[in-house]
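Worksheet for the structure shown next.
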Amino acid sequence: MADPSSYRPKPGQIPDSPGVYKFRDEHRRVIYVGKAKNLRQRLANYFQDLAALHPRTRTMVTTAASVEWTVVSTEVEALQLEYSWIKEFDPRFNVKYRDDKSYPYLAVTLNEEFPRVQVMRGAKKKGVRYFGPYGHAWAIRETVDLMLRVFPVRTCSAGVFRNAARTGRPCLLGYIGKCSAPCVGRVTPEEHRELAGDFCDFMAGRTGTYIRRLEKDMMAAAEEMEYERAARLRDDVEALKRAMEKSAVVLADATDADLIAVAEDELEAAVQIFHVRGGRVRGQRGWVTDKVENVDTSGLVEHALQQLYGEEAGDSVPKEVLVPALPEDPDAVAQWLADRRGSHVSLRIPQRGDKKDLMATVQRNAQQALGLHKTKRASDLTTRSRALEEIAGALGLDTAPLRIECFDISHLQGDDVVASMVVFEDGLARKSEYRRFQIKGFEGQDDVRSMHEVIGRRFKRYLQEKERTGEWEETPAPTGPVPAPQTALAALTGQAVGVDTIPDAGTTPVPDTVPDPDTAPDPDAEPREDDGRPKRFAYPPQLVVVDGGQPQVAAAKRALDELGIDDIAVCGLAKRLEEVWLPEDDDPVVLPRSSEGLYLLQRVRDEAHRFAITYQRAKRAKRIRSSPLDAVAGLGETRKQALIKHFGSVKKLKQATIDEICEVPGIGRRTAESVAVALASAAPATPAVNTATGEIIEDDDGGSTT
């Protein structure tokens, strides 16, 4: 690992003009390319205290062995040079979008004597007009089939074309009128090229002209009693309209725009692009990338624009580009796009109307693409096995942690402090094993103390189950290679397990929507048994993960030590820098950015956080809705509502006498006395205050509103 100070240029050597810089490693390989308005200011950011740098930036500067730069005259030139260098050197620390699939385009080969309409994938060629991209090749073929009766352009391959010219007989499409048969001279090269030009104009969105012209010719043919020709023109119009219906109208007819949306998390980002031409969505594509550099949404948008338009020119760059966030230098990027198009390009964030609504749709597609990517990654058995092995290697475990439990604390400014426990087995969430905790040992905000209490309660129940059932006797640690997850789990539980099946622990699954916390079963209650197997907390994990850094890890380890448990590993995952902390270690374990093990730990931590905050919000909502009448035994919702309806408010009910309360239908004297006692013993409500004026907000009776 290199020391950045060893290759840091002197401040006077770095110019303060726009430019592009390259970091190289000890083997002279380019590992990062960047651009800057002011090279001196930008490069100075890389050579500050390493502790102040983002972990990804710190990794890059310690991997590099030298830095060099090239001065340019404008920021537009810097943008173009940066793109060229990224494409040439493929630096490992630059964001590089990888397309999630190869998208098919509808292509018209205008570079041939007789242009051909076909489906094309891969790199674009000069002299070929492209439309799309499309989601599926069959969608292109359906569209072309409808349009060939109006624009009978050649679709055959070069071999078929030459064979037809040699024999003097056209192919089947020529006989049925879906090809003008230039191979046998039915049309001249000029007439066929004109047909191809009309086809391209229609696909580019200029549809109204052709529809109106065909309808006019149809009416004229009908007036001249050429009914067969009129019927053929009518069918042509219907075919073009059906082709147009395949692309939804979303914006005004003259709108040519690309809409770009980004969905991201700490590790990855997904980009979705909708191509709108002539007001219709003509194509859609998407990319997924690892965030190997410290980049925000603006930076991701700029990288996406470079990836999307770096090789484009002319009409392939639309008049408008709508984005969720503007790049760092939007004027330079807009000028770069305009240079590629040859005319003005508007780069902006949609603020209202149809364009904003369509951008929301693109954003939803980006979120779904990111979620699908993560789901595919998490569901792959080989990937999960590699993740568990990486965790075992990084934490120094003897075997892969086939069962991982993660704990998180959640509260709102010290109120409603709760904790969650989520369980992952074989790298997959097992929701039937999730548990929730209410902090009972103290009041107030203390995450470290809360973590100590929760870990202690969970493993105290484990020891009780172990002692009561006689199961889980200590056995010598297995030796040899790490077993496959499904096989090892079977050995752990004593049952045969399939690839993605996990033995049922006999507990009721915990739903994502948390029930009433006060009526939910207490996690520390005695477990039920109906099949002789241990319940709830009987299965021990191989790894305990806590959401937090050194203090939380130390608290968890201390709780295990107090119970005499020394065969369960503990680690913590700090969210800010995604560092893994181990007990009694002063320095964290930094897993590689592309590590599947880190990805799995983050999924476990995020799931624990989600489960904890859902429970905490449910408790808070119930507390806010609580009333002093809740403390009256035997008073149900119906009679509560009757009391409130009769008196108008809890405040007026509190001022009422027992005799007045007895006047409410269904309320006897004993219940009225209980209501009066409960209201009298209730703490006075805190008055509501207008934060702007400092005045107490009064209710209709002159009292303060709570």
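The values are calculated or read from the model by the stated rules, or taken from the named source; none is laboratory data. Since the model is a prediction, treat every value here as computed from it, not as a measurement. We place every Cβ from the backbone using ideal geometry, glycine too, and count neighbours over all the protein chains shown. Surface areas here come from the heavy atoms of the whole protein model, side chains and all, with no ligands, DNA or RNA. Shrake-Rupley method; radii C 1.70, N 1.55, O 1.52, S 1.80 Å.
Quick look at the numbers
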quantity	calculated
Selected residue [in contact with a Ser or Thr (Cβ under 8 Å, 6 or more places away or on another chain) and under 25 Å from residue 202 (Cβ atoms)] from 283, 278	278
Test result for residue 169, loosely packed, with under 15 Cβ neighbours inside 10 Å, modelled with pLDDT of 85 or more and not in a helix (DSSP H, G or I)	yes
Which numbered condition residue 623 fails, given (1) basic (Lys, Arg); (2) part of a helix (DSSP H, G or I); (3) surrounded by 15 or more Cβ atoms within 10 Å (Cβ to Cβ); (4) at pLDDT below 85	(3)
Within the stretch 134-163, considering residues that are among the small types (Gly, Ala, Ser) and modelled with pLDDT of 80 or more, the one farthest from residue 202 (Cα to Cα)	159
Residues within the stretch 661-671 that are surrounded by 13 or more Cβ atoms within 10 Å (Cβ to Cβ) and out of contact with any Leu (no Cβ under 9 Å at 6 or more places or on another chain), tallied	1
Condition broken by residue 75, with the remaining ones in (1) open to solvent by 50 Å² or more (accessible area, probe 1.4 Å); (2) out of contact with any helix residue (DSSP H, G or I) (no Cβ under 7 Å at 6 or more places or on another chain); (3) not aliphatic (A, V, I, L, M) satisfied	(2)
Members of the stretch 168-222 found to be touching a helix residue (DSSP H, G or I) at 6+ places or on another chain (Cβ under 9 Å) and charged (D, E, K, R), listed by number	169, 178, 186, 191, 198, 201, 215, 217
Residue within the stretch 37-59 that is among the hydrophobic types (A, V, I, L, M, F, W, C), in contact with a Lys or Arg (Cβ under 7 Å, 6 or more places away or on another chain) and surrounded by fewer than 17 Cβ atoms within 10 Å (Cβ to Cβ) present	yes
Residue check, residue 164 open to solvent by less than 40 Å² (accessible area, probe 1.4 Å), farther than 18 Å from residue 149 by Cα and assigned to a helix (DSSP H, G or I)	yes
Criterion violated by residue 29 - all others in (1) touching a strand residue (DSSP E or B) at 6+ places or on another chain (Cβ under 7 Å); (2) among the basic types (Lys, Arg); (3) open to solvent by 60 Å² or more (accessible area, probe 1.4 Å) satisfied	(1)
Hits in the stretch 65-79 (condition: touching a Lys or Arg at 6+ places or on another chain (Cβ under 8 Å) and over 16 Å from residue 42 (Cβ atoms))	65, 66
Subset of the stretch 398-454 [in contact (Cβ under 8 Å) with a residue 40 or more places away in the chain, open to solvent by 40 Å² or more (accessible area, probe 1.4 Å), touching a strand residue (DSSP E or B) at 6+ places or on another chain (Cβ under 7 Å) and in a loop (DSSP other than H, G, I, E, B)]	none
Residue under evaluation residue 372, criteria (1) in a helix (DSSP H, G or I); (2) open to solvent by less than 40 Å² (accessible area, probe 1.4 Å); (3) modelled with pLDDT under 85, criterion not met	(2)
Residue in the stretch 97-111 that is open to solvent by 20 Å² or more (accessible area, probe 1.4 Å), at pLDDT 85 or above, over 25 Å from residue 369 (Cβ atoms) and part of a loop (DSSP other than H, G, I, E, B) present	yes
Whichever residue in the stretch 1-26 is hydrophobic (A, V, I, L, M, F, W, C) and open to solvent by less than 60 Å² (accessible area, probe 1.4 Å) and, among such residues, is nearest to residue 294 (Cα to Cα)	23
Candidate set from the stretch 172-198 (those that are within 49 Å of the chain's Cα centre (by Cα) and over 19 Å from residue 236 (Cα atoms)); member that is most open to solvent (accessible area, probe 1.4 Å)	172
Residue list for the stretch 1-29, restricted to those being closer than 15 Å to residue 57 by Cα and among the aliphatic types (A, V, I, L, M)	1, 2
